Amino acid sequence: MKKDVESKIEKEDPQLSLETIKKVEIQVAERIAAANEQAEKCAEAALKNLAKLKDEIISNARKERDQLYEKGMKEARESVEKRIKSAEKEAESLKKTGAAYIDEAEDYVLAFILGEEKIVKS
């Protein structure tokens, strides 16, 4: 393009050369404006895409957090339920063991209250 303009300028008179230069300047300015406009559109699209990606990342992070929370709560509930069952079994065992000595304990308490010295059978 530059060579074409230079060859035209050399062949033409100065007035026509000036007009040709102005036309080329206008064309270059139009191309620069178009390139700037295209660059702005690309930048806007990139910013929109960035915002969309940010929203997706935040959304996915919230979902993952909720899933981890639910998993942790489920595991905690299961652990507590196991402990409760174990405690119930232990309490039942203690209740059965204590029931074997209830009569002896009653005799001991009555003797203590009545002030009697009664030897408790072992």
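The values are calculated or read from the model by the stated rules, or taken from the named source; none is laboratory data. Not measured: the values here are computed from a predicted model. Positions of Cβ are backbone-derived with ideal geometry, glycine not excepted, and every protein chain shown enters the neighbour counts.
Structure values in brief
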{"read-out": "Checking ALA111 against (1) at pLDDT below 85; (2) part of a helix (DSSP H, G or I), the condition it does not meet", "value": "(1)"}
{"read-out": "Within the range 7-33, tally of residues that are surrounded by 10 or more Cβ atoms within 10 Å (Cβ to Cβ), modelled with pLDDT under 80 and either in contact with a Phe, Trp or Tyr (Cβ under 6 Å, 6 or more places away or on another chain) or not aliphatic (A, V, I, L, M) (or both)", "value": "3"}
{"read-out": "Test: residue in the range 55-70 that is part of a helix (DSSP H, G or I), in contact (Cβ under 8 Å) with a residue 12 or more places away in the chain and surrounded by 10 or more Cβ atoms within 10 Å (Cβ to Cβ)", "value": "no"}
{"read-out": "Checking GLU116 against (1) in contact with a Leu (Cβ under 9 Å, 6 or more places away or on another chain); (2) surrounded by 10 or more Cβ atoms within 10 Å (Cβ to Cβ), the condition it does not meet", "value": "(2)"}
